[in-house]
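Written below as structure tokens is the structure these notes are about.
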Amino acid sequence: MDLEIIICGKTRGEGDTRHIVITDGNAEGKRIVIVDDLVQTGGTLYECGKVLKEAGALSVNAFVTHAVFPKESWKRFALGGDRACFDKFWVTNSIPTVTDYLPNDGIFEVLDLMETIINDLDHFSSI
């Protein structure tokens, strides 16, 4: 599989303003998956997705390990939400008190960690 890496970073402007910019790589004509460890309100993730689409990405998707989403902030990324810029939004079920309530709207997909954890524990217990 031939994958390229595109790096986005934050730049600080006047006062508390910040801007997301592509610091390395070219998004034009690419199918993008943003990988992050966790999402809370998703402001930075959204800004990154928006910048990548503006740079000509064919699709922008997100994979986040831990979907914290306080105060149901996930609703902003669901269909019709003001941050609905992702074609797919994958999260793991590491926080089931949140992921059990994500909509089945074609955007969100919850990935089950249980099989991976059991296989890893079985592997390490045999060492």
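Taken together, the values in this text are just the output of simple stated rules run on the coordinates, not laboratory data. Note that this is a predicted model, so its numbers are computed, not measured. Counting neighbours? That spans all protein chains shown, and the Cβs are built from the backbone with ideal geometry, glycine included.
At a glance:
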item: In sequence order, calculated HN-Hα J values of region 24-29 (Karplus, 6.51, -1.76, 1.60; Hz; x Gly/Pro); result: 7, x, 10, 7, 4, x
item: ³J(HN,Hα), Karplus 6.51/-1.76/1.60, whole Hz, each residue of region 32-45, x for Gly, Pro; result: 9, 10, 7, 10, 9, 6, 8, 10, 10, 7, x, x, 5, 4
item: Formal net charge of residues neighbouring residue 30 (Cβ-Cβ distance under 14 Å; K, R +1; D, E -1); result: -4
item: All Cα pairs of the chain, percent lying beyond 23 Å; result: 39
item: Residue 111 long-range amide H proximity, modeled H, under 5 Å; result: 91, 92, 93
item: Under-5 Å amide H pairs with residue 34, H placed in peptide plane, nonlocal only; result: 61, 62, 63
item: Amide H within-cut-off set for residue 8, under 5 Å, with H built and near neighbours excluded; result: 23
item: Candidate lysines - alpha carbon under 27 Å from residue 30, same-chain residues fewer than 8 apart omitted; result: 10, 50, 53, 75, 88
item: Summed side-chain charge close to residue 81 - residues other than residue 81 whose Cβ falls under 12 Å, Lys, Arg +1, Asp, Glu -1; result: 0
item: Relative contact order (%) - criterion: Cα under 8 Å, at least six apart; region: the chain; result: 18
